[in-house]
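Below is one structure; the comments refer to it alone.
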Amino acid sequence: MGEIIVITSGKGGVGKTTTTANIGTGLAAMGHKVALVDTDIGLRNLDVVLGLENRIVYDLVDVTSGNCRLRQALIRDKKLEGLHLLPAAQTKDKTAINPEQMRQLCSDLKKEFDYIIIDCPAGIEQGFRNAIAGAEKAIVVTTPEVSAVRDADRIIGLLEAVELREPKLIINRIRPKMVRQGDMMSIEDIIDILAVDLLGVIPEDEMIVITTNRGESVVLDQNSRSGQAYRNIVRRLTGEEVPVLNFDENEGFFKKLKKMIGIK
Amino acid sequence: MAYLKGGIHQNTLSGSGQGTLSDYEDMVDENTILVQRTLRSGQSIRYGGNVVILGDVNPGAEVTATGNIIVMGALRGVVHAGANGDEKAVIMAFRLQPTQLRIANHITRPPDNEKVDPELPELARIRDGVVTIEAFQTGGERQGKPV
């Protein structure tokens, strides 16, 4: 039986889709059977980020409305055997599915996959409600900006209201140098406000842009800082050696970062 | 017969004008609509007939037609010609760079890691059971039979 995780943020553009793609790819690279579900109907991106856009025949709405079987709509990744994508529809809108259909879909997927990762749309309206309906766990992505943290706080409240307790936090696009200079919120500042477990921190890295535009995932790039950060997150998710709430490890990580920047 | 569809307007006009529609039944086209704008991501057109687009079809846009699809611009999205199973349907575009091409029940996509940047109009149709893409030629065989 699989684990169903929704990746959400409230605010747009903080890296939900990138995080979904990288966590999914990372888990699949470890040999897990993974299904990624794009629930951003009308503004789908996950297929583009994964480089699978040209393989789409059926989508999420086709499955929930019974136009096709679930198996027909699942697209297998180009490289990783265990990675599958259920794309969103692009020519419909969020009202094309409802939370009950999502719950059914999730329970069907759960029988076949180890991990089901749901990419949530921005906002707190029906798209969000659909995305979280079938989820058992939640990961909230934020960036070190006041607006993103404010939205993350709102989202955590909404998740708790539907019994999705103890969401995990990913802080994306942090710039250690700016934090040191006091120009950017630090990890401590954010944790202080949100008071949830930290799953990981992703540094700002141009490799994210490069790999995303190529339809690849940075998590497979052994040389990049952000790739390493995503690999750590994936390991924590599987309950491996790296403890989930290990702040020392993150500090150590940033000391390493500081060194790298110092050399430059 | 696919060729005759190239001269659709001509055939239709003369056919109906002479009142001998039945003689040319398979040469007469279905309805055709003219779309005078670019289709952007998320926009779609479904039509029971031919579709002519004076503009581009961007990635994420979809055109589905029971007949032929002509794009007088760049075709970068998903198009489905002969959606009711007509294997003679064709897809033509000034710049044929689709995400996916579908004709009747055939589905194709461009090969991975290969950027196509055609400079000439191209035509996609089913030949010997496979979707083939060829340069769009005017004249010659495309003229069809004299009416």
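Observations on the model:
- Test result for A:Ser186, surrounded by fewer than 22 Cβ atoms within 10 Å (Cβ to Cβ) and of a type in the set (Ser, Thr, Tyr): yes
- Selection count, the stretch A:199-237, where residues are in contact with a Leu (Cβ under 7 Å, 6 or more places away or on another chain) and assigned to a strand (DSSP E or B): 2
- Helices (runs of 4 or more DSSP H) contained in the stretch A:123-198 and holding at least 3 residues under 30 Å from A:Glu100 (Cβ atoms): A:126-133, A:146-161
- Residues that are out of contact with any helix residue (DSSP H, G or I) (no Cβ under 6 Å at 6 or more places or on another chain), part of a loop (DSSP other than H, G, I, E, B) and of a type in the set (Gly, Ala, Ser), drawn from the stretch A:6-58: A:Gly12, A:Gly13, A:Gly15, A:Gly31, A:Gly42, A:Gly51
- Restricting the stretch B:74-90 to residues that are over 12 Å from the mean Cα position of the chain (by Cα) and more than 14 Å from chain A (Cβ to nearest Cβ), the residue that is nearest to B:Asp56 (Cα to Cα): B:Ala74
- Residue selected from the stretch B:105-128 under the condition away from chain A (no Cβ under 14 Å) and in a loop (DSSP other than H, G, I, E, B), by the criterion surrounded by the most Cβ atoms within 10 Å (Cβ to Cβ): B:Pro121
- Per-region count, the stretch B:106-125, residues at pLDDT below 95 and either in contact with an Asp or Glu (Cβ under 7 Å, 6 or more places away or on another chain) or farther than 22 Å from B:Ser41 by Cβ (or both): 5
- The single condition from (1) of a type in the set (D, E, K, R); (2) surrounded by 18 or more Cβ atoms within 10 Å (Cβ to Cβ); (3) at pLDDT 95 or above that B:Arg40 fails is (2).
- For the stretch A:65-79, the criterion of being free of Cβ contacts under 8 Å to residues at least 40 places away in the same chain and surrounded by 20 or more Cβ atoms within 10 Å (Cβ to Cβ) is met by at least one residue.
- So A:Gly31, is it away from every other protein chain (no Cβ under 14 Å), closer than 29 Å to A:Ile233 by Cα, in contact (Cβ under 8 Å) with a residue 12 or more places away in the chain and buried (at least 24 other Cβ atoms within 10 Å of the Cβ): no
- Residue within the stretch A:98-109 that is within 21 Å of A:Thr19 (Cβ to Cβ), surrounded by fewer than 23 Cβ atoms within 10 Å (Cβ to Cβ) and in contact with a strand residue (DSSP E or B) (Cβ under 6 Å, 6 or more places away or on another chain) present: yes
The values are calculated or read from the model by the stated rules, or taken from the named source; none is laboratory data. In this text, all values refer to a predicted model and were calculated from it rather than measured experimentally. Virtual Cβ from ideal backbone geometry, glycine too; neighbours counted across all protein chains shown.
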